[in-house]
Every structure is written in C-alpha cells, then in structure tokens.
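Structure record follows, encoded as structure tokens.
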Amino acid sequence: MNDLGDMVRQAQEMRDRFQRLQEELAAVKVEGSSGGGMVSVTANGRQDIVSVRIGKEVVSPDDIGVLQDLVCAAVNDALVRSRETMASEITKIAGGVLPPGLF
C-alpha cells in the first residue's frame with residue numbers, strides 16, 4: 001500500500017509542478033518575425049499571441065496579400081518558438097523525457 005501512496009504523491013507533485021510551469025510560461029515571451037523583421041509577433045509560453053508589430057514599409061493597400069503572408073509567417077515563427085520553449089521546460093520537469101502526446 002505504501003508504494004501506491006508514493007505513486008499518488010509523486011503524481012500530485014508532478015501535477016503541481018506542471019501547474020507552476022504553466023503559470024511561469026505565461027510570463028515567458030518569444031518573438032517570431034518575417035520579412036527581415038518588418039513584421040514581428042510576440043507570443044507567450046502558453047502560445048497566446050500577445051502583440052503584433054507591423055512596419056509601415058509593408059503596409060500598402062495595393063499589396064495586402066504580402067502583408068497577410070508576412071503576418072502568417074511571423075505568427076507561425078512565434079508559435080514554433082513558443083512550442084520549443086514549452087517542450088524544453090516540460091522536458092526538464094519530466095526528468096529529460098517529453099511525455100508522449102504533448103507535442
């Protein structure tokens with residue numbers, strides 16, 4: 001019975017560490033960019049987009065498609081960086097092993 005109690009305690013500790021990590025990741029900021037920095041997007045470690053910066057040199061009513069492509073590329077870049085940050089932090093908590101199905 002003691003082994004079961006230890007397993008439950010360890011599972012609760014792991015859950016608590018993951019909850020703290022999620023709170024910490026909310027404060028982590030990563031930036032993705034495109035167009036040589038003309039468009040940049042900041043995301044937090046929970047993969048929420050928190051800001052978008054668009055340089056005025058790419059704002060042209062005659063070529064909205066380029067701006068849309070640059071925004072999409074910058075968002076995707078920021079989200080990739082956010083996922084990498086999250087995976088790295090979770091791997092640290094999980095003892096060097098990324099739990100299956102998270103990414």
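Exactly one residue out of SER82, SER60, SER40, SER33 is open to solvent by less than 50 Å² (accessible area, probe 1.4 Å) and at pLDDT 95 or above: that is SER40.
Just one of the numbered conditions (1) in contact (Cβ under 8 Å) with a residue 40 or more places away in the chain; (2) more than 15 Å from the chain's Cα centre (by Cα) is not true of ASP3: (1).
Output the residue which, of all residues in the stretch 43-57 that are aliphatic (A, V, I, L, M) and either farther than 22 Å from ALA87 by Cβ or surrounded by 18 or more Cβ atoms within 10 Å (Cβ to Cβ) (or both), is farthest from the chain's Cα centre (by Cα). Ranking the qualifying residues of the stretch 43-57, first place goes to ILE54.
The values are calculated or read from the model by the stated rules, or taken from the named source; none is laboratory data. The model shown is predicted, which means the values in this text are computed figures rather than measured ones. Quick reminder, even Gly has a Cβ in these numbers, built from the backbone with ideal geometry, and neighbours come from all protein chains shown. Side chains are part of the model used for accessible areas, which takes the heavy atoms of the whole protein and leaves out ligands, DNA and RNA. Shrake-Rupley method; radii C 1.70, N 1.55, O 1.52, S 1.80 Å.
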